[in-house]
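Asker: So that we are looking at the same thing, I have put the structure below in structure tokens.
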Amino acid sequence: MINKLDLVLAGVGGQGTLVAGKLLGRVALKEGLDVRVSEVHGMAQRGGSVITYVRMGPRVHSPVVEPGQADVILAFEQLEALRWAHLLARGGVLLMNESRVVPMSVGMGQARYPEGVADRLQQVGDGRATVRSLDATGLAREAGSEKAVNIVMLGAMAHCLAIGPDIFIEAIADVFAPRLQDLNRKAF
């Protein structure tokens, strides 16, 4: 049984962090764990930053993951990985989608998108954490829809957890409408 698992899902509006958090909550319940899910979304409908905290274990009191405490960070976009990397715990795992979502300020020429995000994240990890990137957007497209990036990221994360993939598949059946289940199972 999992003693404690603190997860952070970071993305921008429309990438499915809230749905992924709901699915992880269902996974925790199926495992017989206490779970707290909390999300912060500001300008989510305009592509703004969205962060979802998921904490699970035998007993969980607070829904918020403090800096340096995240066992896993799933970043659905590069800039969000950089923005929330300070939450990663020693020995933690940060999985980052290679995709970029250009913020409005960058699109309007008021700011620049940071270069070398993956290299900068490796420095953050600096041997104390695992940092990996993947083309989750491409994999979601192969599964049938770019909107399934969140489930691709959960599938990648599942390799790092002591929770069997069958629990995630059951949770997909619980969370998604029947017409979306095959797509999401394939994405996972």
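The values are calculated or read from the model by the stated rules, or taken from the named source; none is laboratory data. Remember, it's a predicted structure, so these values are computed and weren't measured experimentally. All Cβ positions, even for glycine, are placed from backbone atoms using ideal geometry, and neighbour counts span all protein chains on display.
Asker: Just need a number here: residues in region 63-81 that are surrounded by 19 or more Cβ atoms within 10 Å (Cβ to Cβ) and either in contact with a helix residue (DSSP H, G or I) (Cβ under 6 Å, 6 or more places away or on another chain) or not charged (D, E, K, R) (or both).
Answerer: So the answer is 10.
Asker: Same structure, new question: Kindly indicate the residue of region 1-42 that is small (Gly, Ala, Ser) and assigned to a strand (DSSP E or B) and also nearest to Met56 (Cα to Cα) among those meeting that condition.
Answerer: Ser38
Asker: In this structure, is Val60 in contact (Cβ under 8 Å) with a residue 60 or more places away in the chain and of a type in the set (Val, Ile, Thr)?
Answerer: It is false that Val60 is in contact (Cβ under 8 Å) with a residue 60 or more places away in the chain and of a type in the set (Val, Ile, Thr).
Asker: Taking the options Val65, Val60, name whichever one is part of a loop (DSSP other than H, G, I, E, B), under 15 Å from the mean Cα position of the chain (by Cα) and over 24 Å from Ala140 (Cα atoms).
Answerer: One residue alone meets the criteria, Val65.
Asker: Among the candidates Val102, Val106, Val131, single out the residue that is of a type outside the set (Asp, Glu), more than 18 Å from the chain's Cα centre (by Cα) and under 30 Å from Arg185 (Cα atoms).
Answerer: Exactly one of Val102, Val106, Val131 is of a type outside the set (Asp, Glu), more than 18 Å from the chain's Cα centre (by Cα) and under 30 Å from Arg185 (Cα atoms), namely Val102.
Asker: Looking only at region 139-181, count how many residues are in contact (Cβ under 8 Å) with a residue 12 or more places away in the chain and either surrounded by fewer than 18 Cβ atoms within 10 Å (Cβ to Cβ) or assigned to a helix (DSSP H, G or I) (or both).
Answerer: 28
Asker: While we're on this one: Give the residues of region 68-119 that are in a strand (DSSP E or B) and closer than 13 Å to Met153 by Cα, sorted by residue number.
Answerer: Val72, Ile73, Leu74, Ala75, Val93, Leu94, Leu95, Met96, Asn97
Asker: Of the conditions (1) touching a Leu at 6+ places or on another chain (Cβ under 8 Å); (2) among the small types (Gly, Ala, Ser); (3) surrounded by fewer than 21 Cβ atoms within 10 Å (Cβ to Cβ), Ala111 satisfies every one except a single condition; which number is it?
Answerer: Unmet condition: (1).
Asker: Enumerate the pairs (first residue in region 104-124 and farther than 17 Å from Val93 by Cβ; second residue anywhere and basic (Lys, Arg) and assigned to a helix (DSSP H, G or I)) with beta-carbon separation below 9 Å, excluding pairs fewer than 6 apart on the same chain, so at least 6 apart or on different chains.
Answerer: What qualifies is Met104/Arg46; Pro114/Arg120.
Asker: OK, next. In the set Gly48, Gly57, which member is farther than 23 Å from Asp135 by Cβ, surrounded by fewer than 22 Cβ atoms within 10 Å (Cβ to Cβ), modelled with pLDDT of 95 or more and not basic (Lys, Arg)?
Answerer: Of the residues listed, the single one that is farther than 23 Å from Asp135 by Cβ, surrounded by fewer than 22 Cβ atoms within 10 Å (Cβ to Cβ), modelled with pLDDT of 95 or more and not basic (Lys, Arg) is Gly57.
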